[in-house]
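**Q** Quick one: this structure, given as structure tokens, is what I'll be asking you about.
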Amino acid sequence: MARTPSNMIPLGTVAPTFNLLNTINDEYADLQKLKGSKGTVIMFICNHCPFVVHVNSQLVEIANNYAKKDIGFIAISSNDAKTYPQDGPKQMKIHAKEVGYPFPYLYDETQGVAKAYDAACTPDLYVFDAELKLVYRGQLDDSRPENGIPVTGNDLRHALDCLLKDEENITIQKPSIGCNIKWKN
């Protein structure tokens, strides 16, 4: 299993805008339409990555809990579907239903959005405030497949709690570790 760390872009970075296909309903959706009124979590994930599979249920739980608090959640897959057909739009739709994603699952066919966010791996997580300024980037928690640490989502939950309380998150933000995004040649 390849272990690629996320790029830790500067806090305060404004979220790059996008308009991508939501594979769940086959409609295009943009960031302004999908963002939450108090904050937005943007997750670069995919169907097949063992690091994402390992945390899927926690992503669903966190999204279900924090959506009630006006936090928007957006998942994006940027993998090359020609090389990795299991990460293509049709399979994304099936996967989202099977896992129970309560958030849109967008397909970044050109990979331009992943490049704009400097995304490197799956999962790669970003938390933006109400003005779409970056307040957190990095890991869900310390759990990884086969390391024996339970999946809790503590790092992401803490970042969201700080955002909702309008408190600075002074906890060290650790890069996520996962499979590299499958870039087109």
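**Q** Looking only at segment 117-129, filter to residues that are in contact with a strand residue (DSSP E or B) (Cβ under 6 Å, 6 or more places away or on another chain) and not in a strand (DSSP E or B); which one of those is surrounded by the most Cβ atoms within 10 Å (Cβ to Cβ)?
**A** Kept after step one, since they are in contact with a strand residue (DSSP E or B) (Cβ under 6 Å, 6 or more places away or on another chain), are these residues of segment 117-129: 119-129.
Okay, now just the ones that are also not in a strand (DSSP E or B), so 119-120, 123.
Working: Ala119: 27, Ala120: 19, Pro123: 25.
In this case the residue turns out to be Ala119.
**Q** Which condition number does Ile9 fail, the rest of (1) within 30 Å of Asp166 (Cβ to Cβ); (2) buried (at least 20 other Cβ atoms within 10 Å of the Cβ); (3) in contact (Cβ under 8 Å) with a residue 40 or more places away in the chain being met?
**A** Of the numbered conditions (1) within 30 Å of Asp166 (Cβ to Cβ); (2) buried (at least 20 other Cβ atoms within 10 Å of the Cβ); (3) in contact (Cβ under 8 Å) with a residue 40 or more places away in the chain, the odd one out for Ile9 is (2).
**Q** Hey, another quick one. Inside segment 12-32, can you point out the residues that are surrounded by 13 or more Cβ atoms within 10 Å (Cβ to Cβ), touching a strand residue (DSSP E or B) at 6+ places or on another chain (Cβ under 9 Å) and within 22 Å of Glu109 (Cβ to Cβ)? Walk me through it before giving the result.
**A** Quick first cut of segment 12-32, residues surrounded by 13 or more Cβ atoms within 10 Å (Cβ to Cβ) only: 13, 15-16, 18, 20-24, 29, 31.
Restricting the remaining residues to those that are touching a strand residue (DSSP E or B) at 6+ places or on another chain (Cβ under 9 Å) gives 13, 15, 18, 20-24, 29, 31.
Once the filter is applied, which keeps residues that are surrounded by 13 or more Cβ atoms within 10 Å (Cβ to Cβ), touching a strand residue (DSSP E or B) at 6+ places or on another chain (Cβ under 9 Å) and within 22 Å of Glu109 (Cβ to Cβ), segment 12-32 yields Ala15, Phe18, Leu20, Leu21, Asn22, Thr23, Ile24, Ala29, Leu31.
**Q** Here's a follow-up. When you go through (1) modelled with pLDDT of 95 or more; (2) touching a Gly at 6+ places or on another chain (Cβ under 8 Å) one by one for Leu20, which number turns out not to apply?
**A** (2)
**Q** So for segment 36-43 (the condition being closer than 15 Å to Cys121 by Cβ, out of contact with any Gly (no Cβ under 6 Å at 6 or more places or on another chain) and surrounded by 13 or more Cβ atoms within 10 Å (Cβ to Cβ)), does at least one residue qualify?
**A** Kept after step one, since they are closer than 15 Å to Cys121 by Cβ, are these residues of segment 36-43: 42-43.
If we keep only those that are out of contact with any Gly (no Cβ under 6 Å at 6 or more places or on another chain) as well, we get 42-43.
From what is left, the residues that are surrounded by 13 or more Cβ atoms within 10 Å (Cβ to Cβ) are 42-43.
Within segment 36-43, one or more residues are closer than 15 Å to Cys121 by Cβ, out of contact with any Gly (no Cβ under 6 Å at 6 or more places or on another chain) and surrounded by 13 or more Cβ atoms within 10 Å (Cβ to Cβ).
**Q** While we're here: I'd like to check which strands (runs of 3 or more DSSP E) are fully inside segment 1-102 and have at least 2 residues that are under 14 Å from the mean Cα position of the chain (by Cα) and closer than 18 Å to Lys133 by Cβ. Don't jump to the end; show me each part of the working.
**A** On the way: elements: 19-22, 27-30, 39-44, 71-77.
In segment 1-102, the matching strands (runs of 3 or more DSSP E) lie at 39-44, 71-77.
**Q** Sticking with this one: Return yes or no: is Asn47 among the polar types (S, T, N, Q) and in contact with a His (Cβ under 6 Å, 6 or more places away or on another chain)? Steps first, please.
**A** On the way: among the polar types (S, T, N, Q): yes; in contact with a His (Cβ under 6 Å, 6 or more places away or on another chain): yes.
So Asn47 fits the description; yes.
**Q** Working only within segment 128-185, note down all residues that are more than 22 Å from Thr13 (Cβ to Cβ) and acidic (Asp, Glu).
**A** Of segment 128-185, the ones more than 22 Å from Thr13 (Cβ to Cβ) are 141-154, 179, 182, 184-185.
Asp141, Asp142, Glu146 - these are the residues of segment 128-185 that are more than 22 Å from Thr13 (Cβ to Cβ) and acidic (Asp, Glu).
**Q** Taking Ile62, is it under 25 Å from Cys179 (Cα atoms), touching a Leu at 6+ places or on another chain (Cβ under 7 Å) and not small (Gly, Ala, Ser)?
**A** So Ile62 passes the test.
**Q** Ok, one more. Filter segment 120-140 for residues that are in contact with a Gly (Cβ under 8 Å, 6 or more places away or on another chain) and among the acidic types (Asp, Glu) and give the result.
**A** At the first step, the residues of segment 120-140 found to be in contact with a Gly (Cβ under 8 Å, 6 or more places away or on another chain) are 121-125, 127-130, 133-135, 140.
Result: Asp124, Asp129.
**Q** Let me ask something additional. Residues Ser143, Ser176, Ser78: which one is in contact (Cβ under 8 Å) with a residue 12 or more places away in the chain, of a type in the set (S, T, N, Q) and within 11 Å of Cys46 (Cα to Cα)? Spell out the reasoning first.
**A** Working: Ser143 fails: within 11 Å of Cys46 (Cα to Cα); Ser176 fails: within 11 Å of Cys46 (Cα to Cα).
Criteria check complete, one pass: Ser78.
**Q** Additional query: Only one of these is of a type in the set (Val, Ile, Thr), part of a strand (DSSP E or B) and surrounded by 15 or more Cβ atoms within 10 Å (Cβ to Cβ): Val151, Val135. Name it.
**A** On the way: Val151 fails: part of a strand (DSSP E or B).
Of Val151, Val135, the one residue that is of a type in the set (Val, Ile, Thr), part of a strand (DSSP E or B) and surrounded by 15 or more Cβ atoms within 10 Å (Cβ to Cβ) is Val135.
**Q** Right, something else. Regarding segment 166-178, can at least one residue be identified that is part of a strand (DSSP E or B), surrounded by 13 or more Cβ atoms within 10 Å (Cβ to Cβ) and out of contact with any Gly (no Cβ under 7 Å at 6 or more places or on another chain)? Before the answer, list the steps.
**A** Filtering segment 166-178 down to residues part of a strand (DSSP E or B) leaves 177-178.
The next check asks that each one be surrounded by 13 or more Cβ atoms within 10 Å (Cβ to Cβ); those that pass are 177-178.
Subset that is out of contact with any Gly (no Cβ under 7 Å at 6 or more places or on another chain): 177-178.
Yes: segment 166-178 contains one or more residues that are part of a strand (DSSP E or B), surrounded by 13 or more Cβ atoms within 10 Å (Cβ to Cβ) and out of contact with any Gly (no Cβ under 7 Å at 6 or more places or on another chain).
The values are calculated or read from the model by the stated rules, or taken from the named source; none is laboratory data. Since this is a predicted model, take the numbers as computed values, not measurements. Cβ atoms come from the backbone with ideal geometry, glycine included; neighbour counts cover every protein chain shown.
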